[in-house]
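The values are calculated or read from the model by the stated rules, or taken from the named source; none is laboratory data. Keep in mind it's a predicted model, so treat the numbers as computed, not measured. Cβ atoms come from the backbone with ideal geometry, glycine included; neighbour counts cover every protein chain shown. What goes into the accessible areas is simple: the full protein's heavy atoms, side chains included, and nothing from ligands, DNA or RNA. Shrake-Rupley method; radii C 1.70, N 1.55, O 1.52, S 1.80 Å.
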Amino acid sequence: MISYWDMVASFILHGVLNDELFFSPGVGNEMLFVFAKVQPFLKEIRERTQSPMAFTNVEKAISKSKSGKARFAMVSKRVEVMRKAQKA
């Protein structure tokens, strides 16, 4: 699944897929959710898998888009609430 989202993110980065379209509500939710789940552990994931470029396309696609950053912030908050609820 990650390779799929990496490919989609590369399309965004190279202008094949419009970032504002992709990050419009209801379109890129899964990629944002997956990245929000792994983002706190990204350094460790990259080290353990010996893949320093893991998730870089996804990370860049989100950070270069105003709507991507805004949507990711919302999704990240939901993921954090879910993490806290699981610990409780």
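Side notes on the structure shown:
- When each of 77, 84, 60 is tested for being over 21 Å from residue 9 (Cα atoms), in a helix (DSSP H, G or I) and modelled with pLDDT of 95 or more, the lone residue that passes is 77.
- The listed residues are 36, 9, and the only one of them that is in contact with a Phe, Trp or Tyr (Cβ under 8 Å, 6 or more places away or on another chain), open to solvent by less than 90 Å² (accessible area, probe 1.4 Å), aliphatic (A, V, I, L, M) and assigned to a helix (DSSP H, G or I) turns out to be 36.
- Scan of region 39-57 for residues that are within 16 Å of residue 9 (Cβ to Cβ), open to solvent by 80 Å² or more (accessible area, probe 1.4 Å) and part of a loop (DSSP other than H, G, I, E, B), ordered by number: 53
- Within region 12-33, if we keep just the residues that are farther than 23 Å from residue 79 by Cα and assigned to a loop (DSSP other than H, G, I, E, B), the residue that is most open to solvent (accessible area, probe 1.4 Å) turns out to be 14.
- Residue in region 8-26 that is free of Cβ contacts under 8 Å to residues at least 12 places away in the same chain, closer than 27 Å to residue 81 by Cβ and touching a helix residue (DSSP H, G or I) at 6+ places or on another chain (Cβ under 8 Å) present: no
- Residues located in region 30-88, provided they are over 18 Å from residue 19 (Cβ atoms), without any contact (Cβ under 8 Å) to a residue 40 or more places away in the chain and of a type in the set (Gly, Ala, Ser): 51, 85, 88
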